[in-house]
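Bear in mind that the values in this text are calculations on the coordinates, not laboratory data. This one's a predicted model, so the numbers in the text were calculated from it and none came from an experiment.
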Amino acid sequence: MSTNLESENGLMMYCASCGIAGADDINLRTCTACKFVRYCSVKCQKEHRPKHKRECKRRAAEIRDELLFKQPESSGLGDCPIC
């Protein structure tokens, strides 16, 4: 269940550091590594980094593994996921 401060895909719609909500005049930037948290400014991103670093690395590794080990769509080349 998402709140009104989360989008349909679960992304935060407020700054993870200061808590300001995203609006038409406030453009929130998404963390490029984990793509989960958002920030209203570079200053907020730098201030929040020590708190976010461990979870960010874990989430980024999950995303990388999902992409790396994603099974290709049936191509008719056999059952081997590498081929």
Review point. Could you give the length gained on full extension between residue 69 and residue 57, defined as 0.36 nm per residue of separation minus the Cα-Cα distance, in nm?
Key: 2.5 nm
**Study point:** Karplus (6.51, -1.76, 1.60) ³J(HN,Hα), θ = phi - 60°, over segment 46-52, in Hz, Gly and Pro reported as x
**Key:** 5, 5, 8, 3, x, 6, 8
Revision key, fill the gap. Given backbone amide H placed at 1.01 Å from N, residues whose amide H is under 5 Å from that of residue 17, ignoring those fewer than 5 places away on the same chain, are 40
Study note, to complete from the structure: Applied in sequence order to segment 19-28, the curve 6.51 cos²θ - 1.76 cosθ + 1.60 (Karplus, θ = phi - 60°) yields integer Hz couplings, x standing for Gly and Pro, of x, 5, 7, x, 9, 4, 8, 10, 9, 7
